[in-house]
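Engineer: Structure in structure tokens, see below.
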Amino acid sequence: SLAWSYVPPVDQDDLPYFDPKDRVSRRSVLVVALRNDFLLGEDRRLRADLAYCWRLVDPRRSYLKALEEPFVPVSGWMARLEADLPWCSLRARAYHELSEGRLRRAVGARATVRDPWGDSAWAEYRYVRGTVEGINGGMSLRLPFNLRLSYAQRYSLLRDESLESTWTLSFRPQCWGVDLRLRHLPARRGRRGEDSISVVLVLQGLGAISGP
């Protein structure tokens with residue numbers, strides 16, 4: 001497939017600004033992609049994508065500066081693999097881009113295992129060149145009376161230390177729910193450990209409200 005995404009430069013100075021999400025950056029990206037879908041049977045699917053893109057403008061540069069100094073198009077590629085089986089699923093993605101002499105590379109993979117009773121366990125690996133490399137994991141157990149017990153752990157391979165662990169007890173009868181969450185932040189260099197308890201009220205389709 002061939003796709004081109006274009007957003008022209010627009011003056012937005014007269015619009016309210018609270019954070020960067022309130023601004024739409026100009027964009028011009030050309031993407032050539034190859035997608036392969038394999039049906040391996042009932043509830044069994046494998047998808048492999050490979051895409052190559054050219055970013056024709058740099059949204060970080062002003063429009064006037066772009067006219068004075070032409071921007072060299074940036075190229076990069078992205079590969080994605082998805083597999084779904086009755087008892088497990090796999091998601092993996094790799095991204096590579098060379099921009100202004102700097103190499104940007106990211107890799108992520110997540111595997112989930114589940115049983116017919118609603119229990120599951122997952123593990124993932126995340127890597128962003130020079131900033132992030134870690135392993136995360138967790139599990140979720142279905143309990144009687146619409147209860148679910150979940151645990152999640154984040155670990156940094158760059159720092160060789162645990163970043164966060166969270167226990168959550170959820171009650172979800174139908175269109176609403178309540179989560180009791182215990183969060184532990186281990187002591188790190190220059191920072192003391194911290195434990196917190198929060199209660200989250202969830203309304204399906206409307207959002208969530210939490211408090212200490």
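Since every read-out is calculated from the coordinates, none of them should be taken as a lab result. Since we're looking at a predicted model, the values are computed, not measured. So basically every Cβ, Gly included, is an ideal-geometry build from the backbone, and we count neighbours across all protein chains shown.
Engineer: Under a 5 Å amide H to amide H cut-off, with H placed in plane at 1.01 Å, what residues pair with Asp119 once short-range neighbours are removed?
Structural biologist: Under 5 Å from the amide H of Asp119: Arg142.
Engineer: If you don't mind, another one. Taking the Cβ of Leu34 as the center, what net charge do the other residues with Cβ under 14 Å away carry, scoring Lys and Arg +1 and Asp and Glu -1?
Structural biologist: Spelling it out: positives minus negatives among the neighbours equals +1.
Engineer: While we're here: Please list, in order along region 84-92, the HN-Hα scalar couplings obtained from phi with the Karplus expression 6.51 cos²θ - 1.76 cosθ + 1.60 (θ = phi - 60°), rounded to whole Hz, x for Gly and Pro.
Structural biologist: For region 84-92, the Karplus-derived couplings read 10, 10, x, 10, 7, 8, 9, 10, 9 Hz, x marking Gly and Pro.
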